[in-house]
Amino acid sequence: MERAYKRKHIVLQEFEEILSRHNPMQLNLVGNPRAEDEYDSEALSILARFNEELALFQEEALKFECAFNITQATFMMWFGEEIYDASRATMMVNELLETYLNSYPQNEKSTDDGLLSNT
């Protein structure tokens, strides 16, 4: 059975939810009427760079390293500092990467004819 690609706006919403839940920059979201939108720009930046760069890597460890670097660079750009808590950043990046990879099924080579097919 083929898995369908998730539409990008759905993945973006999932990224926004992950960032808000983890709140990596420890923003005061309590009582903030725009709290749910606080990480929208960062989510969009991260998703765009995941789309550009993650396909370059096959190994999971390299994909994670790339995703981690993208995420840290994004927060450096928007806030002028990296996520200070490495364990918190690692958990969040793992969740972002898993969400991304599950949203875009990867092609695998068929052993029969060498053609690409979704599995």
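Filtered by the rule that a residue be β-branched (V, I, T) and under 16 Å from M92 (Cβ atoms), the stretch 28-52 gives a lone residue, I46. Within the stretch 81-119, restricting attention to residues that are closer than 17 Å to C66 by Cβ and small (G, A, S), which residue is modelled with the lowest pLDDT? Filtering the stretch 81-119 for residues that are closer than 17 Å to C66 by Cβ and small (G, A, S), the one modelled with the lowest pLDDT comes out as A86.
The set of residues from the stretch 36-58 being outside any helix (DSSP H, G or I) and among the charged types (D, E, K, R) comprises just one member, E38.
Does E14 meet the test of being closer than 24 Å to A86 by Cβ, part of a helix (DSSP H, G or I), in contact (Cβ under 8 Å) with a residue 24 or more places away in the chain and of a type in the set (D, E, K, R)? Criteria met by E14.
The values are calculated or read from the model by the stated rules, or taken from the named source; none is laboratory data. What you see is a predicted model; the values in this text were computed from it and never measured. Ideal geometry is used to build each Cβ from the backbone, glycine not excepted, and the neighbour counts take in all protein chains shown.
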